[in-house]
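Participant: Sending over a structure as structure tokens; questions will come in a sec.
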Amino acid sequence: MNHLSISGAVVLVSSLFAAAIVYFKAPKKDISIPWTFSSLSVAFWGLGLFFGYNTEQKDLALFWTRFLNLSALFISITFLHFAIAFSNKLRGKIKELCFYYAGTFAYFIIAIIFPSMFVSDM
């Protein structure tokens, strides 16, 4: 186990902890759900980092590298959603935010359908 995989485990645990604390403290607030999804996106990224740098088989490493990069797609959009909700401008930015979510999901689906075009090889 190397330092990069250990940092992935630390990111995973701390992000899950942050998501749980924020969500269970105030689950109905406008900023709790976007922050929870942002933390979960980072947690999935940490999971991919941990397993991607911990495996010694090429096929598993390729899978976890793709998982790592696919989960990183959602970090930016969920954090943008949180930032807009935190600044109390969510009501005026719903259409724009939906457009960005649709673009992210479209890219995600295309990357799943054509994985060799997303991450081709190790």
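The values are calculated or read from the model by the stated rules, or taken from the named source; none is laboratory data. Only a predicted model underlies this, so the values are computations on that prediction, with no experimental measurement involved. Note: areas computed on protein heavy atoms with side chains; ligands, DNA, RNA excluded. Shrake-Rupley method; radii C 1.70, N 1.55, O 1.52, S 1.80 Å.
Participant: For the chain, what are Rg and Dmax over the alpha carbons, in angstrom?
Facilitator: Rg then Dmax for the chain, in Å: 16.0, 48.
Participant: Could you give each residue of region 7-24 its phi-based ³J(HN,Hα) in whole Hz, using Karplus coefficients 6.51, -1.76, 1.60 with θ = phi - 60°, and x for Gly or Pro?
Facilitator: 5, x, 5, 5, 4, 4, 5, 5, 6, 5, 5, 5, 5, 5, 4, 5, 5, 7
Participant: Here's a follow-up. In terms of Cα to Cα distance under 20 Å, which lysines are near enough to LYS89, apart from those fewer than 8 places away along the same chain?
Facilitator: LYS28, LYS29
Participant: Once both axes come from the Cα atoms, what is the angle between helix 32-52 and the longest principal axis of the chain, in degrees from 0 to 90, rounded to 10?
Facilitator: The two axes meet at around 10 degrees.
Participant: How would you classify region 74-114 from its alpha-carbon gyration tensor, with a ≥ b ≥ c the square roots of the eigenvalues: rounded for a/c under 1.5, else prolate if a/b is greater than b/c, otherwise oblate?
Facilitator: Values: a/c = 6.21, a/b = 2.26, b/c = 2.74.
Oblate, since a/c reaches 1.5 and b/c is not below a/b.
Participant: Using Cα positions and a limit of under 19 Å, work out the aspartates and glutamates in reach of LYS93, with same-chain residues fewer than 8 apart set aside.
Facilitator: ASP30
Participant: Given the options ALA26, ALA85, ALA61, which has the most mean-square fluctuation in a GNM of the chain, springs set between C-alpha atoms less than 10 angstrom apart?
Facilitator: Looking only at ALA26, ALA85, ALA61, the largest GNM fluctuation is found for ALA26.
Participant: Each residue of region 88-100 in turn: what ³J(HN,Hα) in whole Hz from Karplus with 6.51, -1.76, 1.60 and θ = phi - 60°, glycine and Pro shown as x?
Facilitator: After applying 6.51 cos²θ - 1.76 cosθ + 1.60, I find 6, 10, 5, 5, x, 10, 4, 5, 5, 5, 4, 4, 5 Hz.
Participant: Given contacts defined as C-alpha pairs under 8 Å and at least six residues apart, what's the relative contact order of the chain, whole-number percent? Numbers along the way, then the final one.
Facilitator: Numbers: 138 pairs, mean separation 31.5, N = 122.
That works out to 26 percent.
Participant: Please compute the per residue accessible area over the chain with all protein chains in place, 1.4 Å probe, rounded to a whole number of Å².
Facilitator: 66 Å²
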